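For reference, the structure is listed below as structure tokens.
The values are calculated or read from the model by the stated rules, or taken from the named source; none is laboratory data. Predicted, not measured: the structure shown is a model, and the values here were computed from it. Please note: Cβ atoms are built from the backbone with ideal geometry, for glycine as well, and neighbour counts cover all protein chains shown. The accessibility values were calculated without ligands, DNA or RNA, using every heavy atom of the protein model including side chains. Shrake-Rupley method; radii C 1.70, N 1.55, O 1.52, S 1.80 Å.
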Amino acid sequence: NKTMAAIAEHEPLVRLELDKRAQSSIVCADGEDGTSYAGGEKTCNTESDGGSGINQSDKSHGSSVIQTAINMAKMCMGTGTLALPFAAEKGGLIFNVVGLALIAVWNYYCATCVLRCRDCVPQRIKRGDSDSDIERSSTGQQPLYGSVEDQETLQHSSNIKPPPAGTTSYAAVAWYAAGPVGLLVFNLLMLLMMVMIIIAYEVAMISFIDDMPITTGSRKIDIIIPSVIVALLSCSPDVSFLSKFSVIGLLALALSFVVILWQGFTENGLTGFQSTLTLWPRNATDASSWFGVVVFGYGIVPFILNFHESMKTPKQIGLAMKMGLVLVFFAYIIISSGVSILFSPSHSFDGDVLQALPTNSWLALFVRLLMTFVVSMTAPLIVVPCGEMIEGKIGIGVDEVYKRIAVRVLLCMLCMIFSEHAPGFVHIVSFIGCFFASIIGFILPPLFCIQLRHNTRKDDVSKMDVTSFCDLSALVIGIITTILTTTMKFGEMRRS
């Protein structure tokens, strides 16, 4: 499960892009890396207190609340934002604004579920932390968090087999909640989602290149060139240097939207704000398309434990989440509804937002070239952990360099072939959000909470408190929403 750790460390732009979301992108006070291993206790709070049940003493280094909130916002500002105007047009003005707020709240609740799960599983003791709850319980001191009964449960759970080495915090929750089968299913979902994200990147690059006035003259060669670059970079022994391009990626996205807003204002002025606007989705399929893009964009849930462990004061993770999600909400309003309204008199968004740029402008050409470069630099950060997972499953060792290269090159080539026949970038992003991101972000957190509470409090299984009711409701809503939106989105993709 080294693969999951690789994702958490090398995904500055990826969002599950899982964009986008690396420990390497976390800003820490005093220039220190905020990554740490959590304390090793098991406290099952029904009121999570922000998921701060472990190691509540302030860390000497780590991210502040504001820094963590900004990092969460940065994580959500990946290539998925290119599909937001498409989502706004599909959803309608009122539905989009209200829906963005509700999805933010849903992310917050499910993130707190993951944090509560963290309080309910045995974890590795942070190196150098002599004040962890597990040590307090062993010396008879009152635990900082959780009930005495839960601490006694922890004492009896010391013989639980730990997850495989390299398992990330969220994957460890899957292990303790559902055992090896749960970890296997979690890894399979992550693997399939990474493959889909690679295909989405390939499709995005094809879309950018198709709209350029300068090409090789052969569409197949135009497709092969960036794919070869991604494959070569993915075969590098160490791709950590690519994470430095995360700043360039954010600047490229910012520049893209500045140019797009200027283009819309130049074409239409403010007439878009005076025209009749669609307020609601035309049908359930359009609502599903909107849902997938927005869920893909928000997805902080799988990485909330990384942010928690990086904070100077982990108990303030709840405040950091609120601030970060509010920032993302207002940014998404401008990117989605703002751009859509500005272009409404002259353009309809059926693809990514760059399609609104003219094809004969040197500035538009520069933006497309820059975005192609950024995507080609970001894609290996997904290819490498995906390849490592496949290599581990088929038994390829670390020293078998040529076989590992063959796996990664073959993965890139297969994704390139699928991308040529796949629907547009926005549709793939929407499908990833409807199915993979929704399962990982909205179904698994309350499910794991319910299972872990069942495991730690078997004598109270028949009692349904408010927290358990909320978890069960969130689980049911997540399952129904995922099934409906995935079915409709898949049907739309097949028809296209």
Accessible area (Å², 1.4 Å probe, nearest 10) - K322: 110 Å²
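Accessible area, 1.4 Å probe, largest first: how do E400, E391 sort?
Values: E400 65, E391 5 Å².
The ordering from most to least exposed comes out as E400, E391.
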Set K315/K393; K74/K403; K322/K393; K220/K403 screened for pairs whose C-alpha atoms are more than 31 Å apart: K315/K393; K74/K403; K322/K393
Rough spin-label spacing in nm, given labels placed 7 Å along Cα→Cβ, for S236 and L191: 2.6 nm
Unit charges at the beta carbon, dipole of the range 229-348: most positive-side option, N268, Y298, L325: L325
Efficiency of FRET between Q274 and I480 - r from beta-carbon atoms, R0 35 angstrom, step 0.05: 0.35
Charge-dipole axis of the range 337-474 as Lys and Arg at +1 and Asp and Glu at -1 on Cβ define it, positive-most pick from G387, V367, G441: G387
The range 367-496 - charge dipole about Cα centre, Lys and Arg +1 at Cβ, Asp and Glu -1, debye rounded to 20: 220 debye
Heavy-atom SASA rank of I333, I197 (probe 1.4 Å, accessible area, largest first): I333, I197
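Would you mind telling me the share, in percent, of accessible area of the range 193-267 contributed by carbon and sulfur at probe 1.4 angstrom? If you can, show how the numbers build up before the last one.
On the way: 2510 of 3400 Å².
Carbon plus sulfur share of accessible area: 74 percent.
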Surface per residue (accessible, 1.4 Å probe) for the range 278-378, Å²: 35 Å²
Sites V105 and I248 - FRET efficiency at Förster radius 35 Å, r taken between beta-carbons, to 0.05: 0.60
List H308, H454, ordered by accessible area with a 1.4 Å probe, largest first: H454, H308
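Residues with beta-carbon under 13 Å from that of D222, excluding D222: net charge, scoring Lys, Arg +1 and Asp, Glu -1? Working shown, then result.
Working: positive: R219, K220, R368; negative: E202, D210, D211, E420.
Value of the local net charge: -1.
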Charge dipole (debye, nearest 20) of the range 378-433; +1 at Cβ of Lys and Arg, -1 at Cβ of Asp and Glu: 40 debye
Positive minus negative residues near T359 (Lys, Arg vs Asp, Glu; Cβ under 10 Å): -1
Spin-label pair E267/S346, simplified geometry with 7 Å Cα→Cβ offset, distance in nm: 0.6 nm
